[in-house]
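Novice: Let me give you the structure first, and then I'll get to my questions.
The values are calculated or read from the model by the stated rules, or taken from the named source; none is laboratory data. Every value quoted in this text rests on a predicted model; they were computed, and no experiment measured them. Because the Cβ atoms are built from the backbone with ideal geometry, glycine has one as well, and the counts that use them run over all protein chains shown. These area figures cover heavy atoms from the full protein model, side chains too; ligands, DNA and RNA do not enter into them. Shrake-Rupley method; radii C 1.70, N 1.55, O 1.52, S 1.80 Å.
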Amino acid sequence: MMIPLLIEKLRSVLPEDRSFIALHEPNFQGHEWDYVKECLDTGWVSSVGKYVDLFEVRLAEFTGVSHAVAVVNGTAALHISLLLLGVEAGDEVLMPTLTFIATANAVSYCGAIPHFVDSEERALGLDPHKLDAYLAEIADVRADGCYNKQTGRRIKAVVPMHTFGHPVDLDPLVDLCERYKLELVEDAAESLGSYYKGKHTGGFGRIAALSFNGNKVITTGGGGAILTNDPELAKRAKHLTTTAKVPHKWEYHHDAIGYNYRLPNLNAALGCAQLEQLPGFLQQKRALAKRYQEALQDLPGLTFFTEPDFATSNYWLNAVVLDEAQAAMRDEILAVTNEVGIMTRPFWTGMHKLPMFAHCPKMDLRTAESLERRTFNIPSSSNL
Ligand SMILES: *Cc1c(COP(=O)(O)O)cnc(C)c1O
């Protein structure tokens, strides 16, 4: 494959007047200044305020999930989601090996053990059919849950992650979770604005996590949210993330070991302004993906990754997948593109290869290992 030709094609899509194009930049074109200034003017910058409440209401409206609880980041949202569904120390939690570190860290914060699952080429996320065949071999379903015959540990939950905003095939996964008595926790950190068969991601299990980190589709600087259709879970999520304080005008009474995971009003103000622009961002991102797809379609040796047929994706990060025969070129492509000011990034390193997770249980991971070698991300900001 000709790297200069690839760069020429990328340049044909990207703005000409910039010497450096980032992978994903925040875009502040709306009421950000007004809302943040109001927090400063009124003094409501911290743990309570109208923007926190408003952000939660608007998030629930947008996603179609009945409750949203704003928290300090996406990792915290995952941590609390797992705790609320009963993930305990010594449990195993199934997750894709190809994910951002936060997914595996959140499981570890519960004292639980990540159990790594292979990916599916069509969606880049975990492969529900391969997982099903694997569980048929290793799982022992008892009255009180699913057990791993090889380790003796309980397998409590599965955490699919919608990679770069592309939903995993959720129907077979939901079905598998019922048969194996597994809780489904969606890591929807990357998929705000992505739909599976017409329904927004984050509403397929009992609970899900969103992230509003600086590089996500919308940002609060740092932030996250827990989504759930269960009012009781929402109440407990709010309680646990706000130090488990029992409401009282002046007394400090806490009824559990809680967490200081609340999203400051200042950040929620930013979030409200960003959420107003989300439909526009999504249009721009899908249009950018379409332009990439057209520009790259005739290049031999690579495929611009497009949404699976069951999904409408937010195209959070655009991705290029090299053919197996071209995989050896990836590092040179990364070096040359970054050199000329077009920022590119490889796929995450598989979690099973990291020192702290190398001992964790895993299935055959050949598709994930292949995708990891062949995939890279290209500039994806909504303002391109
Ligand atoms: C961004 C992200 C998170 C959460 O990250 P925070 O920085 O803690 O908000 C979790 N999982 C995935 C897959 C992510 O991309």
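Novice: Could you pull out the residue among ALA225, ALA237 that is within 17 Å of ALA70 (Cα to Cα), assigned to a helix (DSSP H, G or I) and modelled with pLDDT of 95 or more?
Specialist: Result of the check over ALA225, ALA237: ALA237.
Novice: I've got another one for you. Confirm whether PRO346 is closer than 30 Å to LEU278 by Cα, in contact (Cβ under 8 Å) with a residue 24 or more places away in the chain and surrounded by fewer than 19 Cβ atoms within 10 Å (Cβ to Cβ).
Specialist: Here the answer is yes, as PRO346 does meet what is asked.
Novice: Another question, then. Restricting attention to segment 171-186, which residues are over 15 Å from the mean Cα position of the chain (by Cα) and of a type outside the set (Asp, Glu)?
Specialist: PRO172, LEU173, VAL174, LEU176, CYS177, ARG179, TYR180, LYS181, LEU182
Novice: Within segment 349-372, which residues are part of a loop (DSSP other than H, G, I, E, B) and either open to solvent by less than 40 Å² (accessible area, probe 1.4 Å) or touching a residue at least 40 places away in the same chain (Cβ under 8 Å) (or both)?
Specialist: Residues satisfying the conditions are GLY350, LEU354, CYS360, PRO361, MET363, ASP364, LEU365.
Novice: Being more than 19 Å from the chain's Cα centre (by Cα), open to solvent by less than 50 Å² (accessible area, probe 1.4 Å) and within 21 Å of ASN215 (Cβ to Cβ) is true for just one of ALA22, ALA76, ALA68. Which residue is that? Steps first, please.
Specialist: Working: ALA76 fails: more than 19 Å from the chain's Cα centre (by Cα); ALA68 fails: more than 19 Å from the chain's Cα centre (by Cα).
Matching residue, one of ALA22, ALA76, ALA68: ALA22.
Novice: List, please: which pairs have Cβ atoms under 8 Å, are six or more places apart or on different chains, and start with a residue in segment 201-223 that is farther than 27 Å from ASP171 by Cβ and open to solvent by less than 10 Å² (accessible area, probe 1.4 Å) and end with one that is hydroxyl-bearing (Ser, Thr, Tyr) and in a loop (DSSP other than H, G, I, E, B)?
Specialist: PHE212/THR219; PHE212/THR220
Novice: Mind checking whether some residue in segment 162-185 is at pLDDT 95 or above, assigned to a strand (DSSP E or B) and more than 13 Å from the ligand (Cβ to nearest atom)?
Specialist: Yes, segment 162-185 has at least one match.
Novice: I've got another one for you. Among the numbered criteria (1) in contact with a Ser or Thr (Cβ under 8 Å, 6 or more places away or on another chain); (2) outside any strand (DSSP E or B); (3) under 15 Å from LEU227 (Cβ atoms), which single criterion is violated by ASN27?
Specialist: The single condition ASN27 does not satisfy is (3).
Novice: Among PRO247, PRO279, which is in a loop (DSSP other than H, G, I, E, B), away from the ligand (no atom under 16 Å from the Cβ) and open to solvent by 40 Å² or more (accessible area, probe 1.4 Å)? Reasoning before the result, please.
Specialist: On the way: PRO279 fails: in a loop (DSSP other than H, G, I, E, B).
Criteria check complete, one pass: PRO247.
Novice: Let me ask you something else. If I ask for residues that are in a helix (DSSP H, G or I), near the ligand (Cβ under 9 Å from one of its atoms) and hydrophobic (A, V, I, L, M, F, W, C), which ones from segment 90-107 would you list?
Specialist: ILE101, ALA102, ALA106 - these are the residues of segment 90-107 that are in a helix (DSSP H, G or I), near the ligand (Cβ under 9 Å from one of its atoms) and hydrophobic (A, V, I, L, M, F, W, C).
Novice: Considering only residues of segment 58-76 that are within 16 Å of the ligand (Cβ to nearest atom) and in a strand (DSSP E or B), which is nearest to LYS197 (Cα to Cα)?
Specialist: Within segment 58-76, the match that is nearest to LYS197 (Cα to Cα) is ALA68.
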